[in-house]
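Scroll down for the structure; my scribbles are underneath it.
The values are calculated or read from the model by the stated rules, or taken from the named source; none is laboratory data. A quick note: this is a predicted structure, and the numbers were derived from the prediction, not measured. Quick reminder, even Gly has a Cβ in these numbers, built from the backbone with ideal geometry, and neighbours come from all protein chains shown.
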Amino acid sequence: MPDHSEPTQSESVLPAAVTTDGPDPLEGAVAPLRDDVRFLGALLGDTVREQEGREVFDLVETARRTAFAVRRSQADRDEVAALFTDVPTDRVIPVIRAFSLFALLANVAEDLHQERRRRIHTAAGEPPPDGDLDATWARLADADPDSERLAAVRATARVAPVLTAHPTETRRRTVFQVTRRILDLMRRRDALRTGPADRVSEAEIEAIELDIRRQVLTLWQTAIIRSERPRIEDEVLGGLQYHEATLMDVIPPLNAEIAERLGCGDRPMVRPGSWIGGDRDGNPYVTGDVVRFATGQAAALLHRHYADQLRLLEQELSLSRRLVEVPAGLRDLADSLAETDEPGAAAREDVPFRRAVRVVRRRLAERERSRSSSGSSPGAVGAAGGVDDEATTPAPYTSPAQMLADLDVIDAALGEVGGDLLRTPRLRDLRWAVRTFGFHLQALDMRQNSESHEELLGELFALAGVTEDYAALDEDARVELLLAELSHDRPLLGPRAELSETAARELGVMRAAAAAVDLLGPEVVPHYIVSMCGSVSDLLEPAILLREVGLFSGDPAEPRSDVRLIPLLETIDDLAAGPGILDAALAIPQFRALVRGQGDVLEVMLGYSDSNKDGGYLAANWALYEAERDLAESAARAGVHLRYFHGRGGAVGRGGGNSYDAILAQPPGAVQGALRITEQGEVISAKYSEPQRARRNLEALVAATLEASLLDVEGLGEDAGEAYEVMAELARLGREAYASLVHSDPGFIEYFTTSTPVSEIGELNIGSRPTSRKQTAGVEDLRAIPWVLSWSQSRVMLPGWFGVGTALRQWVDGEGSAGSAAGSSAGSSPEERLATLRRLYADWPFLRTTLSNMAQVMAKADMDLAGRYASLVPDAEVGRRIHGVISEEFDLAREMLLSVTGHETLLDDNPALARSVRNRFPYLEPLNVLQVELLRRYRAGDEDPKVRTGIQLTMNGLATALRNSG
């Protein structure tokens, strides 16, 4: 085999990880990144050689060198594939693990480099970048927003990142923890290496590097993924690890800063949520026990956090009664437990602040004992985390407000005796934590699809004698029946009602949710999301279930519920119908009264994934934009404050991309001081696994929300009408081009199901949820995650760009739009029409963000690698033909994109991503090639369990490297 080696400093799996195709203009700036990757690469290379032997190491190195030669057009891709054609599966597993761990270590190096560059820019006195709250405060100060608008934002401000499960985030928590330790050690190493030479010894650096080597070895000897399909309980704990690692520490001080700068009092703006354990749409494994587990584990984790912070606070507050004048309120709190009831009280008589904190600790510990004894958290609540030497049973807290009141007494007393200086950051953050997290930590959303509601209510209504065939009723009759049922509190079922297994499971979930509300407060289950909501009856149906378990109080004049009914508009047709549904629902006095009782705030969820799967990238983005604009107008007519919940995935095809830019690209009036947004899978890890990154990403969400609410960010002015007409025409053309392949080509389903690993996602224990809502031969019922993930794994990335090239070309050439307003206003010649697009790209954040995100996803696509996946299609002619269609559209999309943007490359506007793509993507080549090889073996009947494991590992490694694949 030809030697495709390249000059390296040492023999290693990774030493050339930042080799470039040419000189890098930022060579000096990226040098530390190069050094970090080479260092981590050397450690990984040594580990592979020492643990697996020279033969495996040489195979890894040969694959690496050949992949780089392919990158430089010095080798053919078949040479990489030939390396593994006849290699036994047990020998390729360590190769996959090596390249997968490279992706993990490369992420560490890049994250550290981002921190480093940020410090350098700050030290140089450069202005804060977009997405930093400091930049937002400055913009708001310059703009001096309208006082009425500002008051409205202060009253409604909310940003909620909502964590959801994802099949590519299958890494064990142990791997997560080891990776964090490596980042911490690399951070310390960087500080020593860049510090004053006379203050750092080589021995210190060597000790840290030895510890990093130890962690890399630990990582190598730790299974990256689980051997069995993760249970929902595993996913619950996986989501909670981010609260433990960052969110519980980062969010409270962030909320404190926002409240001070925005002037919104004690109202926390950032409040997290979760779908993990409450989302049963297409997931039969969500049960009442799962809801109890999810809410109980969250509460237990939060209690431990509170208990730890109170213990540390007690140690800090050593103020002596002999030296300070103790305020009466503090004295009363400290003395609220009699000395005889508190062993060792005499020794603490002199430290009243410690005694006061101890009272809080004991009341909190008693609350946790009461909660855990209720059985709300089976299996892993653990100790209450309270006070060891208690002798009595103090009154437990019954609400977060009671605990907060006691903490406020301590804070006020510290202010009296020492001013703001004694008001410790720990106490400030703890008070804001209680305001933010209550006793529940995160809001657990309930979600189910409208078809399931219809079937369930059909059974319940028949049992109760309300109607024998609810499904046969038309929409008006359904609404009339539902409103009649919601006018009283009488339940449908008696205690001895015999239900089907499905109905019993559904009502079990609802009863568990009601029990969680009783234990933890209404904020633990504040939302009920209706998937595939296409009518008013779809929106009202869950209220019957809420009433059945006591979470809805019926009254014709004043119905009440703390649970918001949220329509999820997913397909393009549903998005278009959404404003009409909202108008009709708000015209119903009972529904309007319900919304009024919830503060006149109505939430609507927008589905990015299914709309994209339905109509393609351009049509989906424009349908979402139009829906937001029209829904906001509908809510305004009814005097309702509208809050959007954006169901975004990590991939661009599922609404992914830069969150700050995406929020600013919303239509005017769509962001009214508040939004919720889903965060998924490997994106959660990329954003929230480390405190500094978590803070930056949360700041970006808050900054964009405030700017979009208080500033004019659309930038179109009087040109809005023309821009909307142009975009509507482009969306139509894009949808037609997309449909011609996805919905009309007779060979497409075979191509998709056999050229991508979509079948294996369902078969190989990847994620707890089935890949489809139901058995189907079409893409309509396929879940969006496997749809997008499959295209990402095969490096096609089709949902993020297909159809855009044809739409842009046809519009510029005047095809399909003759005589339209968009055509006439844009000019008659192709040159004039292209100039119109360039102007809109420069002026309109929506179009700029849409095309920028598309460029990013196209930069991660590789049509040559996709061709290897096409070879898996049993009908070779179908494989070649459809791959040819996709490749031609890709080339056209790139050509047209560059024409509109004026850029020379796809990533001209994102040099950091360009560098990352250039440096790490040769390492993805072996993972893709090995995935194709193992898929071929698996589908040929190879029953070796290591084949299955290898496919799982390649999926995880590719998702880790791409960082937003699903």
Residues located in the range 399-436, provided they are hydroxyl-bearing (Ser, Thr, Tyr) and either part of a helix (DSSP H, G or I) or modelled with pLDDT under 95 (or both) | Thr424, Thr436
Helices (runs of 4 or more DSSP H) wholly inside the range 256-375 that include at least 3 residues being small (Gly, Ala, Ser) and over 21 Å from Glu244 (Cα atoms) = 328-334, 345-348, 352-373
Just checking, which of Ala109, Ala160, Ala155 is within 30 Å of Gly669 (Cβ to Cβ) and assigned to a helix (DSSP H, G or I)?
-> Ala155
Criterion: at pLDDT below 95, more than 38 Å from the chain's Cα centre (by Cα) and over 30 Å from Glu366 (Cα atoms) - qualifying residue of Leu499, Leu493 = Leu493
Could you figure out which of (1) within 20 Å of Pro556 (Cβ to Cβ); (2) not in a helix (DSSP H, G or I) isn't true of Gly494?
-> (1)
Is it the case that some residue within the range 566-573 is crowded, with 16+ Cβ neighbours inside 10 Å and either part of a helix (DSSP H, G or I) or outside the structural domain of Gly639 (by TED's automatic domain parsing) (or both)?
-> yes
By residue number, the members of the range 870-889 that are closer than 23 Å to Ala67 by Cα, in contact (Cβ under 8 Å) with a residue 40 or more places away in the chain and either among the β-branched types (Val, Ile, Thr) or assigned to a helix (DSSP H, G or I) (or both) are Ala870, His883
Exactly one of Phe99, Phe57, Phe84 is of a type in the set (A, V, I, L, M, F, W, C), in contact with a Phe, Trp or Tyr (Cβ under 7 Å, 6 or more places away or on another chain) and at pLDDT 90 or above, and that one is Phe99
For Ala893, indicate whether it is surrounded by fewer than 22 Cβ atoms within 10 Å (Cβ to Cβ) and either at pLDDT 90 or above or under 30 Å from Glu832 (Cα atoms) (or both).
-> no
Just one of Ala620, Ala665, Ala703 is touching a Ser or Thr at 6+ places or on another chain (Cβ under 6 Å) and free of Cβ contacts under 8 Å to residues at least 60 places away in the same chain; which is it?
-> Ala620
Odd one out for Val92, checked against (1) in a helix (DSSP H, G or I); (2) modelled with pLDDT of 90 or more; (3) touching a Ser or Thr at 6+ places or on another chain (Cβ under 8 Å); (4) among the β-branched types (Val, Ile, Thr) | (3)
Quick one: in the range 437-455, of everything that is assigned to a helix (DSSP H, G or I) and of a type in the set (D, E, K, R), which residue is nearest to the chain's Cα centre (by Cα)?
-> Glu451
Note on the range 471-484: residues under 37 Å from the mean Cα position of the chain (by Cα) and surrounded by 13 or more Cβ atoms within 10 Å (Cβ to Cβ) are Glu475, Arg478, Val479, Leu482, Leu483
Say we look at the range 835-862 and pick out the residues that are touching a residue at least 60 places away in the same chain (Cβ under 8 Å) and of a type in the set (A, V, I, L, M); which of these is farthest from Arg77 (Cα to Cα)?
-> Leu840
Would you mind telling me which numbered condition in (1) surrounded by fewer than 24 Cβ atoms within 10 Å (Cβ to Cβ); (2) touching a strand residue (DSSP E or B) at 6+ places or on another chain (Cβ under 9 Å); (3) closer than 20 Å to His527 by Cβ Tyr608 fails?
-> (1)
Which residues, counting only those in the range 896-923, are charged (D, E, K, R) and either crowded, with 21+ Cβ neighbours inside 10 Å or in contact (Cβ under 8 Å) with a residue 40 or more places away in the chain (or both)?
-> Asp909, Arg915, Arg918, Arg920
Among residues of the range 49-80, those that are farther than 19 Å from Val92 by Cα and without any contact (Cβ under 8 Å) to a residue 60 or more places away in the chain, counted | 3
Could you please let me know if Leu482 is under 18 Å from Leu551 (Cα atoms) and not assigned by TED's automatic domain parsing to the domain that holds Gly550?
-> no
For Arg188, are the conditions met, namely being free of Cβ contacts under 8 Å to residues at least 12 places away in the same chain and part of a helix (DSSP H, G or I)?
-> no
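Let's see how each residue does on (1) touching a Ser or Thr at 6+ places or on another chain (Cβ under 6 Å); (2) over 26 Å from Leu962 (Cα atoms):
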site	(1), (2)
Thr836	no, yes
Asp843	no, yes
Gln856	no, no
Asp862	no, no
Arg868	no, no
Val873	yes, no
Ser887	no, no
Thr901	no, no
Ala914	no, no
Criterion violated by Asp142 - all others in (1) surrounded by 13 or more Cβ atoms within 10 Å (Cβ to Cβ); (2) at pLDDT 90 or above; (3) in a helix (DSSP H, G or I); (4) over 28 Å from the mean Cα position of the chain (by Cα) satisfied | (1)
If you go through the range 709-745 one residue at a time, how many are assigned to a helix (DSSP H, G or I) and either touching a strand residue (DSSP E or B) at 6+ places or on another chain (Cβ under 9 Å) or of a type in the set (S, T, N, Q) (or both)?
-> 2
